[in-house]
Amino acid sequence: MNSRLTPHTAFLLTLAPLLWAGNAIVGRLVHDLVPPMTLNFLRWLIALLILLPLAGPVFRRDSGLWRHWRRYAVLGLLGVGMYNALQYLALQSSTPINVTLVAAGMPVWMMATGWLFFGAAISRRQIIGAVLSIGGVLVVLARGEWHHLLELRLVAGDLFMILATIAWSLYSWLLIRTTEPAPLRANWASFLVAQVGFGVAWSGLSAAGEWAFLAPAIHWNGTLVAALLYVAIGPAIIAFRCWGAGVQQAGPAIAAFFSNLTPLFAALMSSAFLGEAPHLYHGIAFLLIVGGIVVSSRRSA
């Protein structure tokens with residue numbers, strides 16, 4: 001695969017983490033209003049209803065989708081049914097910053113997944129980039145003082161996020177496989193709707209199990225409605241579109257480093273909601289994360 005990182009591709013891969021950081025903040029804010037599996041189902045159901053006018057014909061018998069339904073069922077399971085549900089589940093017991101920091105192991109998981117299952121080579125530049133990028137995450141975690149790392153305590157939510165990160169790594173590598181007809185893949189809305197359609201089915205099963213065994217409740221109010229609209233339009237439709245296009249242009253291994261911007265954005269958003277100004281260590285973390293992206297994406301001479 002010929003991976004390229006252009007300014008346009010970098011913008012796409014930066015916008016997605018920004019929106020996903022907002023998703024973590026919003027998911028935490030409404031965790032007492034709606035159960036996690038139900039939140040995931042409602043999010044993607046709204047996204048599907050918005051996307052259908054753009055790509056409804058993709059579900060017709062002659063669209064080419066049904067010859068490749070297994071692929072889209074797996075993409076929908078990993079990217080929609082598992083990753084997002086596990087993230088919302090993680091936010092029940094963990095904080096947005098912790099959840100996004102755990103997910104910052106993405107470059108390592110992405111490289112390991114590509115090497116183990118897709119025959120991808122791991123370069124020295126990628127390893128150095130991973131060290132720099134994760135170093136930036138640790139700076140945020142330590143809040144500029146390394147002794148804070150000793151105070152870190154992982155909770156159940158952090159373990160759920162590790163599983164979510166592995167699922168997302170598999171999803172990203174599968175994105176670059178081109179087994180479906182060109183017309184189906186060429187239309188971004190059709191490509192996304194095909195995944196979301198199966199993803200809604202998977203998340204619907206999870207939500208049904210949640211209601212069958214846990215007897216949860218939804219507390220409807222303006223905050224929840226606004227949150228649902230945000231997570232359906234921003235982190236779902238826009239971010240998935242940007243990430244999919246960015247991964248296809250730059251490759252999963254390089255794109256993974258941009259995911260480490262998510263905890264930085266989450267920290268800044270958390271500070272904003274708490275009325276706190278950004279600190280010097282946020283800037284240092286940003287430079288380390290961007291440095292990891294630059295080093296990992298440079299071509300060997």
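Computed from the coordinates by the stated procedures, all read-outs in this text should not be read as laboratory data. Everything numeric in this text was worked out from a predicted model, so none of it was measured. Heads up, the Cβs are rebuilt from the backbone with ideal geometry, glycines too, and the neighbour counts pull from every protein chain shown.
Here are a few things to note about the model shown:
- If R0 is taken as 25 Å, the Cβ-Cβ distance between Ala217 and Leu49 corresponds to a FRET efficiency of 0.60.
- Chymotrypsin sites (Phe, Trp or Tyr not before Pro) restricted to DSSP loop in region 51-118 with at most 16 other C-beta within 10 Å: Phe118
- Relative contact order, percent, the chain [alpha-carbon distance under 8 Å, six or more residues apart]: 42
- Helical segments meeting 20 Å axial Cα length and Kyte-Doolittle 1.6 threshold in the chain (DSSP H): 36-55, 124-142, 280-297
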